[in-house]
Structure formats: structure tokens, C-alpha cells
Ligand code: ADP
Ligand code: MG
């Protein structure tokens, strides 16, 4: 595989707990990979390690063949969206979207052009001057997504971005996320504990358990040829 993002032998411990045990993963440019697995298996930790928010104990993180392990988070060109929206409450929608661009010294014209494009994509042009507290959960997650995309990251990490939303909004938004991801050909890791979400969204699913990727493949492969009892049980629990 021609890897765009590659993890090699990632290990992470908290105290005596081994949270990530030699994780290897290769992702192609433009691919959407889901990390699926039960609560506590290490999904968020893995994303945080990739983003540079958590230091790894061992391993390499290669982005376009360059090791980014020693780069500060803001220099890694990786965007991240969390489960809870974490927008700046004192900034409007458009200011939230432009925030990262401003920090990076983008001109006013550039910021305006980019934020208008993104507001159109997330369909929130009429909310540009609203504050986060006046938006629904789904709208806030759209803004969080736009804010991450605004700085044109090379990789987008989404940590259960839909799990705080109710079922109908969740389904609509996951379709939108997939469309936006394809529009930008954005290399994306989508974390979820929801089998249905993983099956519907992804090019490839990596199933994690206890700090390791236990099986990866297309959604169909995981369903039809589980290699272990854990995989069979986990995939089979969704009907
Ligand atoms: P997931 O996202 O799959 O639910 P996490 O990556 O959040 O799992 O957590 C994996 C394990 O690491 C859990 O046992 C959790 O308690 C532990 N853990 C996560 N972050 C920390 C931390 N900062 N300090 C100590 N333990 C942590
Ligand atoms: Mg998590």
C-alpha cells in the first residue's frame, strides 16, 4: 500500500496500564478509516497520539513519509473534532471557523473566502453571526468540522463526533461528513463504538480491542470473515 499516514509500532502506557500495544496502521490518501471498538480499548488515546496531544512511548508516526512525532500539535497539519463540540463560546460561527487561520497568519481576504466556502458546505450561512449557545448540537458539530477543515489539514481525526446527537440528526450528519470528506479527498480517521456507523461510513474498518487492532478490512470482510471470536461477537452484536 502507498501509505499517506503510517503508524509503526505505537505503544503507550499510563502508569502500569498498557493502553496501546504496538499499533501498526497504514492509511491511503483520501481514505476514510474507522477505528471501531468497545469503550476503553484505546481509540481516543490513539487519535490523541496522532494529533500530538498525548506523547507516545514508542513508535513512529509518518505523514507523507516524514516522522512527525517530534512536532508540536499545531505543526502536524492534523485536524481533530471531538465528541463534545468545544467551540469557543465567546466567538461567533464565522469567527470560530476563522480562528485557526487567523492564528496561522492568513490574510483577511483568505479567511473570508475560505469561511464562506465552508459555511456553504455545512449549510449554515444564515448562522454566521450566531454564538455557539444558540446552535443545536448538530449545528455545533458542523461548525467544529468546518473549523478543523479551515486550516487545510492533511489528515482529519474525528473522535465520536456524532455520539452526543440524537439518532435522526446523527444519520443525516454522518452522510454529510462522508460527502464533505469526499469533496476534499480528506484522509480521515473516524472513531466510533457504533458498528452501524462504521459499516456505513468507511472504506476500511479497524476493529480494536485492549490496545490493539485485532482485525481490519472492508466492512463486508469483518462481517463475513471474522478471524476471532471477539470480532465475531462484536460485529454480530449489531443487527
Ligand atoms: P476509548 O476511546 O476507546 O474509549 P481511551 O483511549 O479513552 O479509550 O482509553 C483507553 C484506556 O486508557 C482506558 O483504560 C482509560 O482509562 C485510559 N486512559 C486514557 N487516558 C488516560 C490518562 N490521561 N491517564 C490515565 N489513563 C488514561
Ligand atoms: Mg474515546
| said: If residue 178 satisfies all but one of (1) over 22 Å from residue 73 (Cβ atoms); (2) away from ligand 1 (no atom under 16 Å from the Cβ); (3) buried (at least 20 other Cβ atoms within 10 Å of the Cβ), what's the number of the condition it fails? | reply: (3)
| query | Which ones in the stretch 45-61 are under 17 Å from residue 156 (Cβ atoms) and outside any helix (DSSP H, G or I)? | reply | 52, 53, 61
| query | When residue 148 is evaluated against the numbered criteria (1) out of contact with any strand residue (DSSP E or B) (no Cβ under 6 Å at 6 or more places or on another chain); (2) over 20 Å from residue 36 (Cα atoms), which criterion, by number, is the only one it fails? | reply | (1)
| query | Within the group 212, 202, which residue is crowded, with 16+ Cβ neighbours inside 10 Å, touching a helix residue (DSSP H, G or I) at 6+ places or on another chain (Cβ under 7 Å) and at pLDDT 90 or above? | reply | 202
| How many of the residues in the stretch 24-77 are within 16 Å of ligand 2 (Cβ to nearest atom), closer than 30 Å to residue 105 by Cβ, touching a residue at least 40 places away in the same chain (Cβ under 8 Å) and in contact with a helix residue (DSSP H, G or I) (Cβ under 9 Å, 6 or more places away or on another chain)? | 2
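With respect to residue 165, determine if the residue is touching a helix residue (DSSP H, G or I) at 6+ places or on another chain (Cβ under 8 Å), within 16 Å of ligand 1 (Cβ to nearest atom) and either in a strand (DSSP E or B) or under 30 Å from residue 230 (Cα atoms) (or both).
It is false that residue 165 is touching a helix residue (DSSP H, G or I) at 6+ places or on another chain (Cβ under 8 Å), within 16 Å of ligand 1 (Cβ to nearest atom) and either in a strand (DSSP E or B) or under 30 Å from residue 230 (Cα atoms) (or both).
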| Can you pull out the residues in the stretch 5-43 that are more than 15 Å from the chain's Cα centre (by Cα), surrounded by fewer than 20 Cβ atoms within 10 Å (Cβ to Cβ) and more than 17 Å from residue 216 (Cα to Cα)? | 11, 13, 14, 15, 16, 17, 18, 39, 40
| request: Could you tell me which residue of the stretch 144-155 is farthest from the chain's Cα centre (by Cα), considering only residues that are outside any loop (DSSP other than H, G, I, E, B) and either touching a residue at least 60 places away in the same chain (Cβ under 8 Å) or more than 22 Å from residue 50 (Cα to Cα) (or both)? | output: 147
| request: Hey, can you tell me all the residues within the stretch 69-122 that are in a loop (DSSP other than H, G, I, E, B) and more than 21 Å from residue 188 (Cα to Cα)? | output: 70, 88, 89, 90, 91, 92, 104, 105, 106, 107
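The values are calculated or read from the model by the stated rules, or taken from the named source; none is laboratory data. Being a predicted model, the structure only gives us computed values, none of them experimental. Backbone-built Cβ (ideal geometry, glycine too); neighbour counts: all protein chains shown.
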